[in-house]
Amino acid sequence: MQTMEESDPIHRQESFGSKTFTICGRVLNCGAIAGLAAVNVFLFLQLQAVTYKVAEEQNQLDEIKDNLKTQQNQTVIVQEKVEEEHSLTIIHMGGTFVLITCLITMFHMTAHLQKWNEPIVQTKIIAILWMSPIYGVTSFLSLLFPVAHEYMMIIKDFYEAYCIYQFLSFLIAVLGRGDRDAVVDVLARHADHLKPPYKCLNCFYHPSPDQSDRAMSNAVLLECQILAMQFVFFRPFTSILNFVIDAVEQYTDKDHNDDDDGAEDFNQWAYFASPKFLVLMIQNVSVFFAFAGLLKFYHAIHEDLQWCQPFKKFLCIKGVVFMTFWQGLAITIFFYFVDVDDDSAIAVDDQHHKADPAQTIQNILICLEMLFFALAHWCIFPKEEWEEGYRRKQLPSVGIGFADFVSDVKVVINSGKASRARKKMKREGLDAIPLRDDDYSNAIPTAENEYIDSEIDMGDRVIA
């Protein structure tokens, strides 16, 4: 028995078309899935290839970084070795200069001790001669141990002030040989040229300077001693004050850097408003008064001490003070205005404390300069000065004969002028008196001299 579906041809065609469409849709879905799978596989392979290349490039970058880091470490090691060699070179130079300075000074002191003719005077000289070794040794120790620089500065500043007063004591000892009244008597002979002492020191004057010339001289001497003595007490105080200010500034800068994560607000002009600069200026005023006292005493008695060359001795003391104060100030200000990297520090001690380049340069210069000052002391403070019957020797001048050459040139020029003067006198009908051969430079006083002088300038040689 046939069903209705089988007997209906139209229904059979529709069923076949529906199946065909379903099969085609499935085929298309499978093809799309296969295509997507292929695309995913291709993208995955591409991603793996890119990842592999990135990994290779990253490895290459890591190798480059490692090489750069290795080279940087090697550069740092080489730089540290160079800085260490530089530091050792500077220390060796400074040590050599200081050693020679000490040997020269010790030999000089020994020479004075062997000729101990004036103990009162030569004791002062020995105290002054110690100046060069003390300055040299303290500067060398500052090079060797930069962390101890401030302590060395206190010692150096104290002896500087003490040496200035010792020079004044030296002048007083030369005049009086230990007798203060004799020095007052010498000053009394120059009372007309003495400047009145400062009135602010009247409480120290006894008797009053207005009473007599001798009282005035005594007051002037006391004034000079007070002006020099104040520096002996004031200079160490200012040095200690500078040390305290430096310590406070370092502590404050450390806290400031911790709070600001290393940010710096650098102002070049801040130094001139800092407490350290103010202390420096006050210290300069104290130096001024000390040297004012020395100069006042020197101007009063320089004629009485001319035989021992007091001004040259004063320049030796003044030169040392100049080199340590003004030279150090100039170097400090220069490095303050010039942007200097911290890595440019020269000397490094055992605790890796880098020295300030300014103080390193100042210390090595002082080590060198003290050698020259030791030689100058040898020449300016000779032991022969204190021997009985001493007379200052006039050393022959060392030159290249230029003065003789200039003299010969003058002879030739004057000879030409004389020749022209004779010719002119003959043209005007005047008789010229011949110049004497044995005294060409002397003038013969005649009436024609006035004529010749009015015509040309004959200098010291006049033709008559």
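The values are calculated or read from the model by the stated rules, or taken from the named source; none is laboratory data. These figures come from a predicted structure and were not determined experimentally. Counting neighbours? That spans all protein chains shown, and the Cβs are built from the backbone with ideal geometry, glycine included. Heavy atoms of the whole protein, side chains included, go into the accessibility calculation; ligands, DNA and RNA do not. Shrake-Rupley method; radii C 1.70, N 1.55, O 1.52, S 1.80 Å.
Observations on the model:
- Residue-level analysis places Asp213 among those that are surrounded by 16 or more Cβ atoms within 10 Å (Cβ to Cβ) and at pLDDT below 85.
- Across segment 166-185, the number of residues qualifying as closer than 22 Å to Ile380 by Cβ and open to solvent by 40 Å² or more (accessible area, probe 1.4 Å) comes to 1.
- Taking segment 347-396 as the range and being at pLDDT below 55 and surrounded by 20 or more Cβ atoms within 10 Å (Cβ to Cβ) as the test, only Ala347 passes.
- Thr105 being among the β-branched types (Val, Ile, Thr), in contact (Cβ under 8 Å) with a residue 24 or more places away in the chain and within 30 Å of Leu375 (Cβ to Cβ): yes
- Ser132 within 19 Å of Trp378 (Cα to Cα) and of a type in the set (Gly, Ala, Ser): yes
- Counting only residues that are surrounded by 16 or more Cβ atoms within 10 Å (Cβ to Cβ) and farther than 18 Å from Glu118 by Cβ, segment 186-197 holds 5 of them.
- Residue among Val174, Val184, Val244 that alone is part of a helix (DSSP H, G or I), farther than 29 Å from Met281 by Cβ, free of Cβ contacts under 8 Å to residues at least 60 places away in the same chain and of a type in the set (Val, Ile, Thr): Val184
- Of the residues making up segment 120-137, those that are in contact with a Lys or Arg (Cβ under 8 Å, 6 or more places away or on another chain) and open to solvent by 10 Å² or more (accessible area, probe 1.4 Å) are Ile120, Ile134.
- Look at segment 24-42: where a residue is on the phi < 0 side of the Ramachandran plot, no partner that is small (Gly, Ala, Ser) sits 6+ places away or on another chain with Cβ atoms under 8 Å.
- Pair list, Cβ under 9 Å, 6 or more apart: segment 45-64 residue part of a helix (DSSP H, G or I), other residue surrounded by fewer than 10 Cβ atoms within 10 Å (Cβ to Cβ): none
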